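Visitor: Dropping a structure here in structure tokens format, bear with me for questions.
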Amino acid sequence: MALFIGDFPHTLDDKGRLIMPSKFRNELGTNFVVTRGLEGCLFVFTERKWTEFTEQLNSKGFSKKDVRSITRFFCSCAMNADLDKQGRFLVNKNLREFAEIERDVMIIGVSDRIEIWSKEKWDEYSKAEYSDDNIMSERFDGLDF
């Protein structure tokens, strides 16, 4: 299983292309999936992880409304992406608009996936979520590791 860690500032070019950090390229492969994420970011999955993810969704049952809604959320705007020789890939307009990405981005490694955030949203999110060590330590309560 791929392990993605670290954060990398990058810039979207005028054509909507983004350079994938070289540290992530080998694990990610040349073909991968980009889709809507949670908290207003984009999720990037390896092809294998995307297949596992959608199989999990499909196993939850077609008859459940919440499952159909979640499946639509992730799959309706998902795009297959591939890296060019310079390590760039195109982020389509719908995904850029969803994540409010205009120019500056943060590419974040989050264990088995990569997240792409607008720099502004990432700064706001991380300040709100990580500025108090006590709150972070309380979040560990009740989690089984």
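The values are calculated or read from the model by the stated rules, or taken from the named source; none is laboratory data. Not measured: the values here are computed from a predicted model. Neighbour counts run over all protein chains shown; Cβ positions are idealised from the backbone, glycine included. Ligands, DNA and RNA are stripped out before the accessible areas are found, and what is left, the full protein with its side chains, is counted by its heavy atoms. Shrake-Rupley method; radii C 1.70, N 1.55, O 1.52, S 1.80 Å.
Visitor: Per residue, how large is the accessible surface of the chain? Use a 1.4 angstrom probe and give square angstrom. Each step should come with its number before you reach the end.
Guide: Working: 9310 Å² over 145 residues.
Per-residue accessible area for the chain comes out at 64 Å².
Visitor: What length, rounded to one decimal in nm, is gained on full extension from residue 31 through to residue 104, with 0.36 nm per residue of separation minus their alpha-carbon distance?
Guide: Details: separation 73, 0.36 × 73 = 26.28 nm, distance 2.32 nm.
Length difference between fully extended and current span is 24.0 nm.
Visitor: Continuing with this model, one more query. Past 31 Å, Cα to Cα, is the threshold; run 85/119; 23/93; 85/127; 64/85 against it and keep the listed order.
Guide: From the list (85/119; 23/93; 85/127; 64/85), the Cα-Cα distance tops 31 Å for 85/127; 64/85.
Visitor: Distance between the C-alpha centers of segment 99-120 and segment 1-70? Whole Å please.
Guide: Each part reduced to its Cα centre gives a spacing of 11 Å.
Visitor: With unit charges on the beta carbon (Lys/Arg positive, Asp/Glu negative), name the residue among 54, 18, 108 whose Cα is farthest towards the positive pole of the charge dipole of segment 4-119.
Guide: 54
Visitor: Can you match Cα extents along the principal axes in Å to one of these, (i) 79, 27, 21; (ii) 44, 32, 27; (iii) 45, 41, 29, based on a calculation from the structure here?
Guide: (iii)
Visitor: At R0 = 30 Å, how high is the FRET efficiency between residue 71 and residue 47 if r is their beta carbon distance? Nearest 0.05 is fine.
Guide: It comes to 0.95.
Visitor: For the chain, what % of the accessible area comes from carbon and sulfur atoms, probe 1.4 Å?
Guide: Working: 4480 of 9310 Å².
C and S fraction of accessible area: 48 percent.
Visitor: Let me ask something additional. Keeping every protein chain in place, order 67, 33 by accessible area at 1.4 Å, biggest value first, i.e. largest first. Intermediate values should be presented prior to the final figure.
Guide: Numbers: 67 25, 33 5 Å².
If we order 67, 33 from most to least accessible, we get 67, 33.
Visitor: So, with +1 on the Cβ of K and R and -1 on the Cβ of D and E, and no other charges, what is the size of the charge dipole of segment 4-119 about its Cα centre, to the nearest 20 debye?
Guide: Working: 19 positive and 17 negative charges, 62 e Å.
For segment 4-119, the charge dipole is close to 300 debye.
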